[in-house]
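Contents: one structure, followed by commentary.
The values are calculated or read from the model by the stated rules, or taken from the named source; none is laboratory data. Here the structure is a predicted model, which is why all the values come from computation and not from measurement. Because the Cβ atoms are built from the backbone with ideal geometry, glycine has one as well, and the counts that use them run over all protein chains shown. Remember, those area values only see protein heavy atoms, side chains included, never the ligands or the DNA or RNA. Shrake-Rupley method; radii C 1.70, N 1.55, O 1.52, S 1.80 Å.
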Amino acid sequence: MISQQELSVSTRGRGTYDLSRQVQKAVSESGVTAGMCNVFIRHTSASLMLCENADPDVMTDLETFMSRQVPDGDPMFIHTAEGPDDMPAHVRSVLTQSDLNIPVRDGRCALGTWQGIYLWEHRHHGHNRRVFLTIQGE
Amino acid sequence: MISQQELSVSTRGRGTYDLSRQVQKAVSESGVTAGMCNVFIRHTSASLMLCENADPDVMTDLETFMSRQVPDGDPMFIHTAEGPDDMPAHVRSVLTQSDLNIPVRDGRCALGTWQGIYLWEHRHHGHNRRVFLTIQGE
Amino acid sequence: MISQQELSVSTRGRGTYDLSRQVQKAVSESGVTAGMCNVFIRHTSASLMLCENADPDVMTDLETFMSRQVPDGDPMFIHTAEGPDDMPAHVRSVLTQSDLNIPVRDGRCALGTWQGIYLWEHRHHGHNRRVFLTIQGE
């Protein structure tokens, strides 16, 4: 049994967006009780991650860390067509995930208690991001 | 055909733990001969990786690298509820993997000769980590 | 329905190699119209990524970034059996991906417009890299 659908996520610029409810809803509606849910982002300047879902400071700290690791406007970058956050967005995407693969058990994502599913927008401007879901199993 | 089970991995603090045998055993027992094996960690302060399985110095060097990249107690972090290794553990998890997806062929994980499956505990204290396996195929 | 095959990719040393066409060809030939395509590299000193496929400067910048983050010959590394790029190759692999999981829809990889599938060779010498494909679905 396979269920596929595309989510559209409107971002308001750099930051993280919690997709956990939307993904869980799609899994519930798919009718799959045991199998896998693949979450795939169809972009190279935004990415996905599983991360702690309780304290918003975690997201702040992740952003602080990434901004230090991959500074906007770093003069080593030559691909600057879309501005100082263009190439950093690609690097940040490569260092995190474009796809997540979450087990489905009893018709639900078998996430840990503190795990949330996040889209990480790496560009400063808002974008309309397409996230493709594939739920496969019995 | 789908087989799911949860492994429990007791860690003794920061470091890597080889799961290759346990995963391979689950694949063998599943009866799946061709398909995929998903390994999923249900935590956000420990992660998974595929890495060189021959020379233990590789694990030492990975730890040295990560400790330099994401220093414990870095004053930029504000999420310090559980101590100086709390937020670094989340960052290290985001920079590595929460899920691995390994092909199954002839009833075995189709790993390369030098590939091992590792859990990386990022907290200094030991934890009981839950790793969920989904083996799906024919 | 499952289709599995191994690609052999001859690299000419450090750099990125576009696998998009080969993966797409395998998906088309598999007969799977809806499902998943797993791309798995059977090595620990080369890795995989999805990245921008239009401007070659992006690949140059990624290489510049990674060479700065994980310098060849860094004296902190003790695993140097195969030379100054040995341990950096393992670290670079751990920071990127060993497996990619791409949805298949209408018999094609459901990549975004600007997404390409790349093998990243991290060693300075050329190698023969084995990439295993599993396409599973209806």
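Residues in region C:110-138 that are in a loop (DSSP other than H, G, I, E, B) and either over 14 Å from C:GLN97 (Cβ atoms) or without any contact (Cβ under 8 Å) to a residue 24 or more places away in the chain (or both): C:ALA110, C:LEU111, C:GLY112, C:THR113, C:TRP114, C:ARG123, C:HIS124, C:HIS125, C:GLY126, C:HIS127, C:GLU138. Among the residues of region C:1-40, those that are part of a loop (DSSP other than H, G, I, E, B) and either out of contact with any helix residue (DSSP H, G or I) (no Cβ under 8 Å at 6 or more places or on another chain) or surrounded by fewer than 18 Cβ atoms within 10 Å (Cβ to Cβ) (or both) comprise C:MET1, C:THR11, C:ARG12, C:GLY13, C:LEU19, C:GLY31, C:VAL32, C:THR33. Inspect all residues belonging to region A:47-59 and state whether any of them is at the interface with chain C (Cβ under 10 Å from one of its Cβ atoms), among the small types (Gly, Ala, Ser) and part of a strand (DSSP E or B). Yes, that holds for at least one residue.
The single condition among (1) within 23 Å of A:LEU111 (Cβ to Cβ); (2) more than 16 Å from the chain's Cα centre (by Cα); (3) among the β-branched types (Val, Ile, Thr) that B:VAL70 does not meet is (1). From the residues in region B:110-138 that are under 17 Å from the mean Cα position of the chain (by Cα) and of a type in the set (S, T, N, Q), which one is most open to solvent (accessible area, probe 1.4 Å)? This residue is B:ASN128. For region C:91-130, filtering for residues that are of a type in the set (A, V, I, L, M, F, W, C), more than 8 Å from every other protein chain (Cβ to nearest Cβ) and closer than 26 Å to B:ASP57 by Cα leaves 2. Scanning region C:44-63 for residues that are within 19 Å of B:CYS51 (Cβ to Cβ) and either out of contact with any Lys or Arg (no Cβ under 6 Å at 6 or more places or on another chain) or surrounded by fewer than 18 Cβ atoms within 10 Å (Cβ to Cβ) (or both) gives C:THR44, C:SER47, C:LEU48, C:MET49. Identify, please: which residue in region C:88-109 is open to solvent by 10 Å² or more (accessible area, probe 1.4 Å) and part of a loop (DSSP other than H, G, I, E, B) and is, among those, nearest to B:MET66 (Cα to Cα)? Checked region C:88-109; the qualifying residue nearest to B:MET66 (Cα to Cα) is C:SER98.
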